[in-house]
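The values are calculated or read from the model by the stated rules, or taken from the named source; none is laboratory data. It should be emphasised that the depicted structure is a prediction, and the values quoted were computed from it without experimental measurement. We place every Cβ from the backbone using ideal geometry, glycine too, and count neighbours over all the protein chains shown. These accessible areas exclude ligands, DNA and RNA; they are computed on the full protein's heavy atoms, side chains included. Shrake-Rupley method; radii C 1.70, N 1.55, O 1.52, S 1.80 Å.
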Amino acid sequence: MTGEYMAGERGDRRLAERFEEHRGQLKAVAYRMLGSLSEAEDAVQEAWLRLDRAGADGIGNLGAWLTTVTGRVCLDLLRSRTARREEPMTEGFDTFVPDPVLRALPQGDPEEAALHTDSVGVALLVVLEALEPAERLAFVLHDMFAVPFDDIAPILERSPAATRQLASRARRRVRDATPVADPDLGRQRRAVEAFLAASRAGDFEALLSVLHPDVVLRADAGALASGVAASKVLRGARTVATGAFHFRHLAGFARLALVNGAVGTVAVVEGRPRSVTYVTVADGLITGMYILADPDRLAVLDVTGLQT
């Protein structure tokens, strides 16, 4: 009996070890599907529980099996998710800003730093949020993780041809809605630093000078925020600059950081994050600002390693 128990224990340990080899990709899939780090963790945990119940016998490609299982779990979560905000969608988007992936901005070569960051930008995740769940699954699994349509189709209970059409439709929407952004971290940094300097100085005209005329600001402050701090979408340089001017006091607490692979800021007050800002930059001007100010979601972020 003891020998059988130990053999089973070793088998369970080996299964867990094999699962851990795929955890990173599974979390990447779930994060792109859900835009939430905590929900992504839950989805990956559910994938483990299903593997633990099923066992690996008969699974030829464990990584592919786990990826499709995680996709199915995420699809169920998306379908059951209630509307995140009470206000109606604006041009297909609400004020949702996904959980950020934060890393310190090294003092060395910014291009080298980019190699160590999460490659999916906040702007893209916002676009993915506007897709129908089936579209999102087809696009994420096929276009981002090269899962064949033949493997995605059973999850959606559709034919491979119909699944291909879903991905194609999603691809067009992503291409049309994702803002053009300069990938050069040095130019991003100069634009962000100019914005911070103008905010700290209370220089409204300097703020305008670093904002693109058609800049869009999306602020997610959570469901309970109200008044000037409420979740909102602002459009146009003067409107965005006016909105930023109300919160210029936070600029003094802002630290530069890599936010989903781009230069952004984290405002840290008494060791706790008050806001995280992700920006898109084109031709030296800020074209998009995505601000997470939801205190509940900010409370779980670890900002101890960010530069001062």
Go through the range 160-174 and report how many residues are open to solvent by 40 Å² or more (accessible area, probe 1.4 Å) and either of a type in the set (D, E, K, R) or touching a helix residue (DSSP H, G or I) at 6+ places or on another chain (Cβ under 6 Å) (or both). 6
Determine, yes or no, whether SER209 is in a helix (DSSP H, G or I), modelled with pLDDT of 95 or more and touching a helix residue (DSSP H, G or I) at 6+ places or on another chain (Cβ under 8 Å). yes
Criterion first (open to solvent by less than 20 Å² (accessible area, probe 1.4 Å) and assigned to a strand (DSSP E or B)) does GLY264 satisfy it? yes
Say we look at the range 272-308 and pick out the residues that are part of a strand (DSSP E or B) and open to solvent by 80 Å² or more (accessible area, probe 1.4 Å); which of these is modelled with the highest pLDDT? ARG274
Which residues, taken from the range 254-308, are polar (S, T, N, Q) and within 20 Å of ALA225 (Cβ to Cβ)? THR265, SER275, THR277
So, ALA198, is that one buried (at least 18 other Cβ atoms within 10 Å of the Cβ) and in a helix (DSSP H, G or I) or not? yes
Filtering the range 134-158 down to residues that are more than 19 Å from the chain's Cα centre (by Cα) and under 23 Å from SER80 (Cα atoms) yields ASP151, ILE152, ALA153, PRO154, ILE155, LEU156, GLU157, ARG158
Of the criteria (1) at pLDDT 95 or above; (2) under 30 Å from THR68 (Cα atoms); (3) open to solvent by less than 80 Å² (accessible area, probe 1.4 Å), which one THR178 fails: (1)
Can you tell me how many residues in the range 233-255 are open to solvent by 50 Å² or more (accessible area, probe 1.4 Å) and either outside any helix (DSSP H, G or I) or not small (Gly, Ala, Ser) (or both)? 11
